[in-house]
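A quick write-up on the structure given underneath.
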Amino acid sequence: MMQDIEHLVIIGTGLIGGSVALALRKAGVAKRITGVGRRLENLQLAVKLGVIDDYSLDIGAAVTQADMVLVSVPVAASASVFQAMAATLPANAVVTDAGSSKQSVMAAANQYLPNPNRFVPAHPIAGTEESGAAAAFSELFEAHWCILTPDLHTDAEALERVHALWTVTGSKVIEMDAATHDEQLAAVSHLPHMAAFALVNAVRKSGGADPFQFAAGGFRDFTRIASSSPEMWRDIALCNRPALTLKLDALITELGVLRRAVDGGDTDLLLKEFSQARKARDSWLLKHGDAL
Ligand code: NAP
């Protein structure tokens, strides 16, 4: 049973922050929800849509009565957000986040939060390519993983409250260390986004009056995530640099194998590479498809 949240402040009232607000509202566990952001029109829309009760453009002023704060901004903005709340955050408030990379956010929390042991890092593995409060929906997290990356200093009571919060959203909550998170998510989330952006750019630059004219379902499926927020993905790429660089190297190696096989007309190698990939993808879908 989750302890009620008296005053939840959500810094970054976009797809993820807004969806957490809607899920907690549906469960009736948050008495007051204040949204914080940069653009007035997004916050006004969030009130109109019933996502939040009220809003502020001032992070420091917004958190003075908070017992729970969710930071849901592009990851590179986390440090300035923590800095802005440091002087006015109540000592017993619990802070969590939704950032897609964890080590950089934890370093920022340790540097700027007055009580970093009450910060419980989180990453819900759910999303869409859309942004802003208008895209938020309460079911976003249902049956999806939410990874918490506490460390040895994380306060046990804060961890319990954050665990309960994400569970109420419908997430399957799991804990792991931040380095493992960053390495694994670089492979299955960050790398596919880089590949989608690169593929669209390769076609865009390929010449002709309209290089996209005959693109069909396969192109649409593969590149859906290239419609994601450029600001958010710039931040993820920069904040998970070491792990993502290694995964990009691995992808370049694989593309090199295919390039040589295509160029050299190596039938056996092409069949082997495609068959292994299909087998791996099919067994992943069989094992985990229900949770997608
Ligand atoms: P989003 O829809 O673009 O929302 C981000 C919000 O952050 C916007 O409302 C923006 O406000 C606000 N913001 C940006 N910089 C800020 C700052 N310096 N101070 C205060 N507010 C600021 O993005 P999102 O998809 O919800 O992503 C939020 C976080 O969740 C990111 O860290 C992302 O890595 C993570 N995440 C995303 C997904 C996904 O699929 N989208 C999945 C899991 C985790 P304005 O609109 O007013 O500018």
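The values are calculated or read from the model by the stated rules, or taken from the named source; none is laboratory data. These figures come from a predicted structure and were not determined experimentally. As a convention, Cβ positions derive from the backbone with ideal geometry for all residues, glycine included, and neighbour counts pool all protein chains shown.
Miscellaneous remarks
- Of Leu15, Leu22, Leu49, all but one fail to be over 30 Å from Gln184 (Cα atoms), modelled with pLDDT of 95 or more and not hydroxyl-bearing (Ser, Thr, Tyr); the exception is Leu49.
- Highlighted here are the strands (runs of 3 or more DSSP E) found entirely within segment 1-105 that include at least 3 residues which are crowded, with 16+ Cβ neighbours inside 10 Å and in contact with a Lys or Arg (Cβ under 9 Å, 6 or more places away or on another chain): 5-11, 94-97.
- Selection within segment 36-78: residues that are among the hydroxyl-bearing types (Ser, Thr, Tyr) and near the ligand (Cβ under 8 Å from one of its atoms). The member of this set that is nearest to Asp4 (Cα to Cα) is Ser72.
- Consider segment 79-98 and keep the residues that are among the small types (Gly, Ala, Ser) and without any contact (Cβ under 8 Å) to a residue 40 or more places away in the chain. The one that is nearest to the ligand (Cβ to nearest atom) is Ser80.
- Here Ser101 fits the description: touching a residue at least 24 places away in the same chain (Cβ under 8 Å) and either within 10 Å of the ligand (Cβ to nearest atom) or within 17 Å of His190 (Cβ to Cβ) (or both).
- Residue among Gly37, Gly17, Gly50 that is assigned by TED's automatic domain parsing to the domain that holds Glu139 and in contact (Cβ under 8 Å) with a residue 60 or more places away in the chain: Gly17
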